[in-house]
Amino acid sequence: MKNFAFKQNLLSRSGLLLTSASALLLSGCVDPKARLHDFENLVLDATVYDAQIDAAPRDVPDITGTFYVAFVTKGIDPDMDHLVNLIWTFEVTKGPNGQPVSLNMNTRSLNPQTRQPAMGDTLVALNNVPISPGGEFQLDFKDFILVADANFTMGDLLLNQKLNVTIQSANVICAVVIEGAVVTPIPLDLKGSSAVGVRVPPGTVGNQLPAAVIECPQVSTMPDGGLPDGGPVDASIDAHPDAT
Amino acid sequence: MTRFRTLFVALVLVSAVATPAHAGGFLTALFAGEEGHVTTSHPSAAYYNPAGLALRGGNRFVLEGSAGYRSVGYDRPVEAIDNPTASANQGGTPEDARSANSGHAELQNAVLVPFAAAATDFGMRNFGFGVSFSVPFGGSADFGKNDEYAGNGAYAGAVDGVQRWSIINGTVQATYLTVAAAYYIPALRVSIGGGWNFVQQKIDVLRARNLASTDDLIDSSGDIVEGRALIEATDNRGMSFGAGLIYEPSDNLRLGLSYQGQPNFGKSTLKGTLTSKIGTGEETKTPIVLEQSLPDIIRVGGSYRASSKLELRAEFDYQRWSVFNRQCVLDATMPERRCDVQSNGAPAPTGVGITANLDRRWKNSIALRGGASYLLTPTVVLMGGVSYDANAVPDSTLDASFVDSNKVLVTPEVRVQVTPDLALAARWTQVFCAKRTTTADAEATMAPTRVPSSRGTYTQSAGLFTLSAEYGF
């Protein structure tokens, strides 16, 4: 009986030792994390964006009205299938000197193929957003849902993002994401994503919208969205988002 | 018959969920060599057919170590590139970076595989009990680098080779700790056995990906869009069962039948983390679960003692690989997650929280095996076997993470009884794999299932030297 117990004990101990040793043998060589870190070290560090509202004071145009916005997600090729198409509507409040000082805005999402209002989309509004003397403002979207019909992943995206927006002219705005990420279904850093908005007549959708503009245009080439300019395009652009 | 199956290695996927590929995996399931079969009384019967444990008494302990190589070659044609462009300002894969997404990739890996088993009758007649530790599924893969792009920051990911959209490196494996018992019924000349497996599944796979699920390197601004997805997931609580019987119609003949069930009796859920790094964006981590199903296996065969010196063996295995239809990565933070996808790869209306879906669509396969043992002297036995193992991976989903093809295995082995208690065995297993060239792309074209094309030409070979010691007392 004693011998039997010894054998049992031997078997048990041997099994434990072998299990441990085998695990070491099998797991020792391949290191995916090391290859991941190699990649990360090789890729340039993410561009650092100026999150400050610090452009020099200037005459800031009034952007009250409707803008067609094409949003380019950092890391995704900006073809029409992968753009996020939005309609932003602004209502500007002016100060005593006639300079815009704040705005209310709302955003709607469009289907990327038809550019008609996306199914399931709900209006999101931001109010009392201050505008700097340099014509910059920040839009901070929290728990924003970009519905499946408005993005190429075919699923709803929950995201948070803060954009630094520069008023380029009465008809053009440029924006860059200074912080934020898609939260679900897959974490995705949005920092460095960009958007350009061009003025369109209220209610314009579908084929009536102009072509998407994906790079912040030079003053001389700014599209006007088909609207009369109401005068020459504004003064020089002194507050380009760093990323564009 | 997993032991002949070029199983895994890679992924991925994955997509992400990725996957490793076949990787050295099939070698790890070759344990016990010519003594591991459906009618064996060797301690490896705990896995191959528990009924065999009751056919030999005493106490036996087996320790086995294998070392070898595995090589894989993959040639990706230019036609596989999603968006070949003329210049960098057009994004995609520019002309000057064609070799980043087409050309040759190679894997040259060493393989180390352990196996251990013990069997005893506890002093009881017609009874057998066994324990074994084995790796019937999987292995590791580590593809070589494309030195042409070493240090290249403009196309930062290209250094990891043209196969990187399927796998860069990683491990996919299932390890079994098996406890089995058997009883021989003399009146019926039948032995019946059953075993319980404690199964650990592990997937650590790194692969390249971008947000559009293409193989684009850069966007039209010249910014890097290529990234990496690392899936690390395990299931330490898996279980499965095996059972079998052996019938001895005469003193010279044994007929065996065994069934090795699916881990977790069907779908397995591995828990872990997905680490993503896309272009210059920040690295993100998210908790995930990975769902997959590994096959069950039916073995049937016989052994015949033609003379006092010669034994002949034959076996047929049926491997139900069709259950390995996908590896689905889901967001673990979503309690209502559900991997329902349409045939085009897009989420079904009931699909929730699908982060990536690696389409596999494997098919059932078979293996045939013939072997013989010859008693050269009272202490020396020569053994040998030839096996045919059929391919399980369709052209449309064949990728570098799981390279499979029809193959032939040849195993010469010698066993020497060194002392009355101790026997040593040595064998070489050479695996000859058919070359495969695929021109088809995956049927799933929509996110989250779409992956860059893995069409191309695949070659593979492997060899494994094994030393085994069996101690009886």
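Miscellaneous remarks
- Euclidean distance of C-alpha centroids, segment B:403-473 and segment B:41-70, integer Å: 19
- Summed residue charge, Cβ within 15 Å of B:GLY144's Cβ, Lys/Arg positive, Asp/Glu negative: -3
- Computed with a 1.4 Å probe over protein heavy atoms only, the accessible area of B:THR439 comes to about 110 Å².
- For segment B:197-214, backbone phi angles converted through the Karplus equation (6.51, -1.76, 1.60; θ = phi - 60°) give residue-by-residue couplings of 10, 9, 10, 10, 10, 9, 9, 10, 9, 10, 9, 8, 7, 10, 6, 8, 6, 10 Hz, Gly and Pro being listed as x.
- Here the Kirkwood formula, the inverse mean of 1/r across different C-alpha pairs, assigns chain B a hydrodynamic radius of 22.9 Å.
- Once the C-beta distance of A:ASP156 and A:GLU40 is scaled by a Förster radius of 35 Å, the resulting FRET efficiency is 0.75 to the nearest 0.05.
- For segment A:176-191 versus segment B:205-231, the spacing of their alpha-carbon centroids is 16 Å.
- Taking every Cα-Cα distance in the protein assembly as shown and sorting them into 20 Å bins from zero, the calculated P(r) comes out as 17, 41, 25, 12, 4, 0 percent.
- Spatial offset of segment B:349-400 relative to segment B:256-287 amounts to 21 Å, using the alpha carbon center of each.
- Chain lengthening between B:ALA348 and B:GLN90 when straightened (0.36 nm per residue, less Cα-Cα): 89.5 nm
- Inter-label distance, nm, simple model (7 Å from Cα along the C-beta direction), A:ASP62/B:PHE122: 9.3
- For the protein assembly as shown, the per residue solvent-accessible surface stands at 38 Å², with DNA, RNA and ligands left out and a 1.4 Å probe.
- D by Stokes-Einstein for segment B:93-229, Kirkwood Rh over Cα pairs, 20 °C, 1.002 mPa s: 114 µm²/s.
- Interface size B-A, as summed buried accessible area [1.4 Å probe, Å², nearest 100]: 4600
- Per-residue ellipticity at 222 nm computed for chain B from its helices equals -500 deg cm²/dmol, with DSSP H segments shorter than 4 residues left out and the rest contributing -39,500 (n - 2.57).
- Measuring nothing but protein heavy atoms, the accessible surface of chain B at 1.4 Å probe radius is 58 percent carbon and sulfur.
- Label point of B:ALA440 set 7 angstrom out along Cα-Cβ; within segment B:336-365, amide nitrogens under 14 Å from it belong to B:360-364.
- When B:VAL62, B:VAL418 are compared by accessible area at a 1.4 angstrom probe, the order from most to least is B:VAL418, B:VAL62.
The values are calculated or read from the model by the stated rules, or taken from the named source; none is laboratory data. This structure is a prediction, so every number in the text was calculated from the model and none was measured. Cβ sites come from the backbone with ideal geometry, for glycine too, and all protein chains shown count toward neighbours. All accessible areas refer to the heavy atoms of the entire protein, side chains included, with ligands and DNA or RNA removed. Shrake-Rupley method; radii C 1.70, N 1.55, O 1.52, S 1.80 Å.
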